[in-house]
1. Helix-only estimate, please: 222 nm mean residue ellipticity of the chain, summing -39500 (n - 2.57) across DSSP H runs of length 4 or more and dividing by its residues, to the nearest 500.
2. Where the accessible area of the chain is counted over protein heavy atoms with a 1.4 Å probe, how much of it, in %, is carbon and sulfur?
3. Hey, can you find the accessible area per residue of the chain for me, probe 1.4 Å, expressed in square angstrom?
4. Among all helices in the chain defined by DSSP H, which have a length of 30 Å or more along the axis from Cα atoms plus a Kyte-Doolittle mean of at least -1.0?
5. Taking the highest mean first, how do the peptides 111-119, 210-218 order by number of other beta carbon atoms within 10 angstrom per residue?
6. On alpha carbon coordinates alone, what is the Rg over Rh value for the chain, Rh being the Kirkwood radius?
7. Suppose the chain between Phe259 and Arg21 were pulled fully straight at 0.36 nm per residue; how much longer would it get relative to their current alpha carbon spacing?
8. So how far, in whole Å, is the C-alpha centre of the stretch 75-126 from the one of the stretch 180-211?
Amino acid sequence: MTFDLAARLAERRSSGLYRERLVLADGQSPLRYQQGAELLSFCSNDYLGLASHPVVVAALQQGAERYGVGSGASHLIGGHTEPHHQLEEELADFVGRERALLFSTGYMANLGVLGALLQPGDRVYSDQLNHASLIDAARLSRGDVSVYPHLDLAGLSRQFDAGQPGHALVISDGVFSMDGDQVPLAGLVDIARKHNGWTLIDDAHGLGVVGPSGRGSCELLPPGGCQPEILMGTLGKAFGTFGAFVAGSAELIETLIQFARSYIYTTALPPAVAVATLAALRLVREEGWRRTHLRTLIDRFRAGAQAQGLPLMDSLTPIQPLLMGGAERAMSWSQGLADQGILVTAIRPPTVPADSARLRITFSAAHSEVQVDQLLQVLGRLQELEE
Ligand SMILES: *Cc1c(COP(=O)(O)O)cnc(C)c1O
């Protein structure tokens, strides 16, 4: 039988879930250009405004001059260069772990860790709203998967009590990518430890942003408190570059080098990207004002949105979704914003659960307070139109 793609596409279109890509004419910044039109954008993960930072751009150029463009091979076959190695050491130091290992993407890092660790009979406990890359990593692993209700530690405990013995891994986003809320990390690690399990935290949206020094979700743990055994961070968000890493014990990292297939069987990141990320990491560490300014923008937005009665969600992070419910409503608000020169993407199922389509508004240290006010003004107008 042939594949009936036309029917699948038609169904996706008729259910209001069809995706289309914007073709933008420039790089990351609050102001984007599409076919000559200026758009004020609130949908980037460039939380600290580093993706177009001149120091990071210059580092990429210098890295390319010295090391060329492609790494030419996988890490184990001659693609692993001094900047890769130095970046691993500096990332490990930044997050306070023995070692770190670079992966080409966060998606691959999650696949690699779960694939390397889990054997038949092992169990994975996964938050219901985890990122797709964690969901896929669990599904593709050899472990048995239990999904627990979002942030429900009592529910997780009950699942542990009901499960058979065997190695267990709890996996969770640190900051949930489509909701902006945060895992109660101390409690989560505690439950896993009580059952001799490990915890993996995917801190794609926490690293660089959360915690006074930007060390991410783990920086909020009490000093000396139990740390998750495995930390995954991405470099394409607050760091403004590309790639990802896993940090943990030296033994964990050696295990991944030996057994993580998405680490072994793929071309290493371009060394110039590692050089650029070293520059970005220095800015993340040294320029704490970026986090302070981001906080100011988030507080300003939440206060304004609350005053206007907009459907805010329970988030303290730069991810500030407005819950729309139906996909059509989310699309119509997104279009209304676009008509006023503001770019905010509608997030619809299957990325989020049914009837919880939303506008995923994100802030960056590159935004100004005036730009936040412009967004609030247009949102207010759209709300009046609906009433
Ligand atoms: C973006 C993201 C990833 C994937 O990282 P990439 O480097 O873009 O592949 C993984 N987990 C979470 C929570 C993310 O938001």
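The values are calculated or read from the model by the stated rules, or taken from the named source; none is laboratory data. All figures in this text were calculated on a predicted structure; none of them were measured in a lab. Cβ sites come from the backbone with ideal geometry, for glycine too, and all protein chains shown count toward neighbours. Calculation scope for accessible area: heavy atoms of the full protein, side chains included, ligands and nucleic acids excluded. Shrake-Rupley method; radii C 1.70, N 1.55, O 1.52, S 1.80 Å.
1. Numbers: 13 runs with 159 residues, N = 387.
The helix contribution divided over the chain gives -13000 deg cm²/dmol.
2. Details: 9570 of 17620 Å².
Looking at the chain in its full context, I get 54 percent from C and S.
3. On the way: 17620 Å² over 387 residues.
Dividing the accessible area of the chain by its residue count gives 46 Å².
4. Numbers: long enough: none.
Both cut-offs are met by no helix.
5. Details: 111-119: 22.6, 210-218: 20.2.
Top to bottom by mean Cβ count within 10 Å: 111-119, 210-218.
6. Details: Rg = 21.2 Å, Rh = 21.9 Å.
On the Cα set of the chain, Rg over Rh gives 0.97.
7. Working: separation 238, 0.36 × 238 = 85.68 nm, distance 3.61 nm.
Taking Phe259 through Arg21 to full extension adds about 82.1 nm, to one decimal.
8. When both Cα centres are located, 17 Å separates them.
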